[in-house]
Amino acid sequence: MVKAELKEAKIFSLAQVVDRCIVVIEELAGPRLVPIWIGIFEGGAIAAELTGQEPPRPMTHDLMATMLKKLDAKIERVVITDLKDNTYFAEVHIQHHDKIFVVDSRPSDALALAVRSRCTMFVSEVVFKKCPELLKPISEDEVKSFKEELKNMKPEDFFRDLKRSKDKETE
């Protein structure tokens, strides 16, 4: 199996849209963006850490990060690895002494752990190739417009447009 090229990334934005959230990941050394629809609670877990909120009791991702630390392990990186049938896939790479363990994960959980551990995030080139091309906005107005478009878009709409663009390529 050929390993896909990984692009370093970070969270570009996080927005709540009715009953779900959209986390947008940006390629650091390039212009591309990847929008990932996640659950409202998962979005809240990411937002809480990004804004420095401290819950009175540990939330699930805080608990996991603390457990890893107590076991002398650390999250080395997270990778958004693939996109299949409108579903994103991710991995959490955990380092324990001289070994790396790769754990399958939902992207939302991987990202929630990444922001807590301040580890490096990556997106596989495979994911960028499977997504419709979204480029980083360059002005305030473009950022606002992009966020408004995402608020009105459902995951099915995003992937329907992907199918249309691929159908046009094959014509």
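Pop out the carbon and sulfur fraction of the accessible area of the chain as a percent, whole number, probe 1.4 Å.
On the chain, the fraction of accessible area on carbon and sulfur atoms equals 53 percent.
Only sites in a loop by DSSP and with at most 15 other Cβ atoms within 10 Å count here; which trypsin sites (Lys or Arg not before Pro) in the stretch 1-67 make the cut?
For trypsin sites (Lys or Arg not before Pro) across the stretch 1-67 that sit outside H, G, I, E and B with at most 15 neighbouring Cβ atoms in 10 Å, the list reads LYS3.
D for the stretch 60-127, whole µm²/s, Stokes-Einstein with Kirkwood Rh over alpha-carbon pairs at 25 °C and 0.890 mPa s: what number?
Rounded to a whole number, D works out at 203 µm²/s.
What is the stretch 39-97 by shape, rounded, prolate or oblate, if you read a ≥ b ≥ c off the alpha carbon gyration tensor as root eigenvalues and call it rounded for a/c under 1.5, prolate for a/b larger than b/c, and oblate otherwise?
Judged from the Cα gyration tensor, the stretch 39-97 comes out oblate (a/c at least 1.5, b/c at or above a/b).
Summing -39500 (n - 2.57) over the DSSP H runs of n ≥ 4 in the chain and dividing by its residue number, what mean residue ellipticity at 222 nm do you reach, to the nearest 500 deg cm²/dmol?
-12000 deg cm²/dmol
Per residue, how many Å² of accessible area does the stretch 56-118 show with a 1.4 Å probe?
For the stretch 56-118, the solvent-accessible area averages 64 Å² per residue.
Starting at 0 and stepping by 5 Å, how many percent of the alpha carbon pairs of the stretch 1-83 end up in each bin?
3, 12, 18, 20, 21, 15, 9, 2, 0, 0
Given a cut-off of 32 Å, name the pairs among LYS129/LYS151; LYS70/LYS147; LYS84/LYS147 whose C-alpha atoms lie farther apart than that in the structure shown.
From the list (LYS129/LYS151; LYS70/LYS147; LYS84/LYS147), the Cα-Cα distance tops 32 Å for LYS70/LYS147.
Given bins 10 angstrom wide, list per bin the percent of all Cα-Cα distances in the chain, short to long.
Cα pair-distance distribution for the chain, in percent: 9, 37, 36, 15, 4, 0.
If HIS61, HIS96 are ordered by their accessible area, calculated over protein heavy atoms with a 1.4 Å probe, which sequence runs from highest to lowest?
Ranked from most to least accessible, the order is HIS96, HIS61.
The values are calculated or read from the model by the stated rules, or taken from the named source; none is laboratory data. Everything numeric in this text was worked out from a predicted model, so none of it was measured. Using ideal geometry, Cβ is built from the backbone for each residue, glycine included, and neighbour counts are taken over all protein chains shown. Note: accessible area is taken over every heavy atom of the protein model, side chains too, but ligands, DNA and RNA are not part of it. Shrake-Rupley method; radii C 1.70, N 1.55, O 1.52, S 1.80 Å.
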